[in-house]
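Engineer: One structure is given below, represented as structure tokens, and several questions about it will come after.
The values are calculated or read from the model by the stated rules, or taken from the named source; none is laboratory data. What you see is a predicted model; the values in this text were computed from it and never measured. Glycine also receives a Cβ, built like all others from the backbone with ideal geometry; neighbour counts cover every protein chain displayed.
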Amino acid sequence: MTSGQLRRHPLGAVRLRSRGTGLGVRLLLAQSLVLVAGAATCWVVAVVAGPPLFREHLHRAGVPASSDEQFHAEQAYRSATAISLAVALGVAVLAALVVTWYFSRRLQRSVNEVSSAATAVADGRYDIRVAPPHMGEDFGALAEAFNQMAARLESVETTRRQLLGDLAHEIRTPVSVLEAYMEALEDGVETLDADTIGMLRDQTRRLVRFSDDVSALSQAEEGWTSIEPAWVVPGALISNALAAAADRYAAKEVALTSRVPAHLPGLWADPERLGQVFGNLLDNALRHTPGGGRVEVTAEQRPELLVIEVTDTGDGIAAEHLPHLFERFYRVDSARDRGHGGAGIGLAIAKALVEAQRGHLTARSGGPGTGSTFTITFPLRWDQR
């Protein structure tokens, strides 16, 4: 039964709780079983094994068998044993009650706190946290795991809300332009000439491109994208990516250079997907590098690794944004990036495609205005099983 069902059926919840046994009762029952087992063991030893041993020592001490001395000594032994067992059992019961009450209170308090926090999370209050119970590593690990879960859910909820807002914005802009032009055509303000048709096509292409990007990101992150690796020449892939981006870079007057050794080892990767990664990184660098800037692509072989870097002299990235840079729809500056025309998912697609081929994509920057470097590392050994 879920927490929502418990809230809708409070009487049922009470019945469920009334049939269960509380933690304190269970601890007391466990302590009682231990006490009963200990008392039974002591009784068996005192009744079965004790008297013969006591009688043997009396005989060794010179006490005649079946004498009054032996009778009174055995009576004293039985009385002392009974009193000792009774006192010990009473003290043990009292100690068990106190210890059980103390620990059950602490355990119940911690369990109730976690239960209340879980209910709050189920109600959408992801900012709830559980205080450390200070009851050992196990309970500490439980509280820490719960807090990590709540923090992750809070982050996911924040990302979800931002995602919905970004989706609405990205779709609203071209749709608004299309609607305005259609109304202008209907009112006779605009004519269906080549410029108008070009504008309408640009907006429809933007919608199609955005839809394709979202679909590509979803497939890449969920592992649906088909990866068809083959032995490829890294230098040739980089050259093709540079050639494809050359016109856009020239139009913005951003220099695009490369330093790629001629004899790099072959790479076991999907050439189409890797070309898509290079294209996304070059587009991102161009978007954030002003005219007169420079973007450089380098590649080198390291022990069992191929390292490819895309370095620009553009805007740079503040340290607090680096951990979130590859999250979908994340923008360092939403207004600026929208002005640059980015939907905020190109880097997320690139990272997903790189990781799908057992590579890693990272970013580093000295801060705003210092440019940034995106580094791709691929293992040169690929397990093809």
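Table: residues versus (1) in the same structural domain as residue 29 (by TED's automatic domain parsing); (2) under 30 Å from residue 134 (Cβ atoms); (3) in a helix (DSSP H, G or I); (4) of a type in the set (A, V, I, L, M).
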| residue | (1), (2), (3), (4) |
| --- | --- |
| 45 | yes, no, yes, yes |
| 81 | yes, no, yes, no |
| 84 | yes, no, yes, no |
| 101 | yes, yes, yes, no |
| 109 | yes, yes, yes, no |
| 116 | yes, yes, yes, no |
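Per-residue answers, yes or no, for (1) under 15 Å from residue 280 (Cα atoms); (2) at pLDDT below 90:
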{"site": "332", "(1), (2)": "no, yes"}
{"site": "337", "(1), (2)": "yes, yes"}
{"site": "344", "(1), (2)": "yes, yes"}
{"site": "348", "(1), (2)": "yes, yes"}
{"site": "357", "(1), (2)": "no, yes"}
{"site": "363", "(1), (2)": "yes, no"}
{"site": "368", "(1), (2)": "no, no"}
{"site": "374", "(1), (2)": "yes, no"}
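Engineer: Separate question: Looking at the range 5-16, is at least one residue touching a helix residue (DSSP H, G or I) at 6+ places or on another chain (Cβ under 7 Å), in a helix (DSSP H, G or I) and modelled with pLDDT of 50 or more?
Structural biologist: No, the range 5-16 contains no residue that is touching a helix residue (DSSP H, G or I) at 6+ places or on another chain (Cβ under 7 Å), in a helix (DSSP H, G or I) and modelled with pLDDT of 50 or more.
Engineer: Can you pull out every residue in the range 245-271 that is over 37 Å from the mean Cα position of the chain (by Cα), assigned to a helix (DSSP H, G or I) and surrounded by 13 or more Cβ atoms within 10 Å (Cβ to Cβ)?
Structural biologist: Of everything in the range 245-271, those that are over 37 Å from the mean Cα position of the chain (by Cα), assigned to a helix (DSSP H, G or I) and surrounded by 13 or more Cβ atoms within 10 Å (Cβ to Cβ) turn out to be 248, 249, 252.
Engineer: For the range 118-146, give me each residue that is within 23 Å of residue 103 (Cα to Cα), outside any loop (DSSP other than H, G, I, E, B) and either of a type in the set (S, T, N, Q) or not assigned by TED's automatic domain parsing to the domain that holds residue 102 (or both).
Structural biologist: 137, 138, 139, 140, 141, 142, 143, 144, 145, 146
Engineer: Pairs only if they're at least six apart or on different chains, beta carbon under 6 angstrom, first in the range 34-56 and modelled with pLDDT of 80 or more, second among the hydroxyl-bearing types (Ser, Thr, Tyr); list them, first residue then second.
Structural biologist: Listed pairs, sorted by first residue: none to list.
Engineer: Out of contact with any strand residue (DSSP E or B) (no Cβ under 6 Å at 6 or more places or on another chain), closer than 30 Å to residue 161 by Cβ and at pLDDT 90 or above, is that true of residue 314?
Structural biologist: Taking the combined requirement at face value, the residue satisfies it.
Engineer: Within the range 66-108, which residues are within 30 Å of residue 143 (Cα to Cα), surrounded by 13 or more Cβ atoms within 10 Å (Cβ to Cβ) and of a type in the set (D, E, K, R)?
Structural biologist: Of everything in the range 66-108, just one residue is within 30 Å of residue 143 (Cα to Cα), surrounded by 13 or more Cβ atoms within 10 Å (Cβ to Cβ) and of a type in the set (D, E, K, R), namely 106.
Engineer: Hey, another quick one. Considering 150, 131, which residue is surrounded by 13 or more Cβ atoms within 10 Å (Cβ to Cβ) and of a type in the set (A, V, I, L, M)?
Structural biologist: Step by step, each of 150, 131 is checked, and only 150 is surrounded by 13 or more Cβ atoms within 10 Å (Cβ to Cβ) and of a type in the set (A, V, I, L, M).
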